[in-house]
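Report on the following structure.
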Amino acid sequence: MVGVIAASLVGVWFYSTAGRSGRPPVSWGISGVVVYFLAALLWSLTVTPGIKDAAIHNPNGTLIFIVRYAYIGVGLAAAAVVNFWLNKAQN
C-alpha cells in the first residue's frame, strides 16, 4: 500500500516537472513510475533476500523494517536522480 502511494506521488511529481523541460506530461509521469518500479524491483530481487535471511535470525526490528520498506526509499531515490539528471541535461 505504501509503495503504491509512493509510486503515485512519483508519477504526479514527474507529471508536474514535465512542463519545465518541454516533455509530454503523461508520458513523463509514466516514465517516472516505471523508473520507480524498476529500481524497487531490482532492490527486491537482489538485496532483500540477503537482508531477509539475516532478519529472520535476528530479533532486531530494524532489519525487519528495512526488509519491508527499503525498496520504497530506493525507488524514490532512483526516481529523484533520474528526474534531476534528465531535467538538468534538458536545460
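The values are calculated or read from the model by the stated rules, or taken from the named source; none is laboratory data. Nothing here was measured: the structure is a model prediction, and the numbers come from that model. Glycine also receives a Cβ, built like all others from the backbone with ideal geometry; neighbour counts cover every protein chain displayed.
Points worth noting:
Table: residues versus (1) in contact with a Pro (Cβ under 7 Å, 6 or more places away or on another chain); (2) at pLDDT 90 or above; (3) on the phi > 0 side of the Ramachandran plot; (4) not aliphatic (A, V, I, L, M).
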residue: A6; (1), (2), (3), (4): no, yes, no, no
residue: V10; (1), (2), (3), (4): no, yes, no, no
residue: S16; (1), (2), (3), (4): no, yes, no, yes
residue: F37; (1), (2), (3), (4): no, yes, no, yes
residue: L45; (1), (2), (3), (4): no, yes, no, no
residue: P59; (1), (2), (3), (4): no, no, no, yes
residue: V67; (1), (2), (3), (4): no, no, no, no
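- Number of residues in segment 50-78 that are of a type in the set (S, T, N, Q) and either within 24 Å of A6 (Cα to Cα) or in contact with a Gly (Cβ under 7 Å, 6 or more places away or on another chain) (or both): the value is 1.
- Residues that are under 21 Å from P25 (Cα atoms) and in a helix (DSSP H, G or I) occur in segment 61-75; there is at least one.
- Counting the residues of segment 14-31 that are touching a residue at least 12 places away in the same chain (Cβ under 8 Å) and not aliphatic (A, V, I, L, M) gives 10.
- Selection within segment 1-31 - surrounded by 14 or more Cβ atoms within 10 Å (Cβ to Cβ) and over 22 Å from I66 (Cβ atoms): G11, W13, F14, Y15, T17, A18, S21, R23, W28, G29, I30, S31
- Candidate set: segment 32-65, residues that are of a type in the set (S, T, Y) and without any contact (Cβ under 8 Å) to a residue 24 or more places away in the chain; chosen: the one surrounded by the most Cβ atoms within 10 Å (Cβ to Cβ): T48
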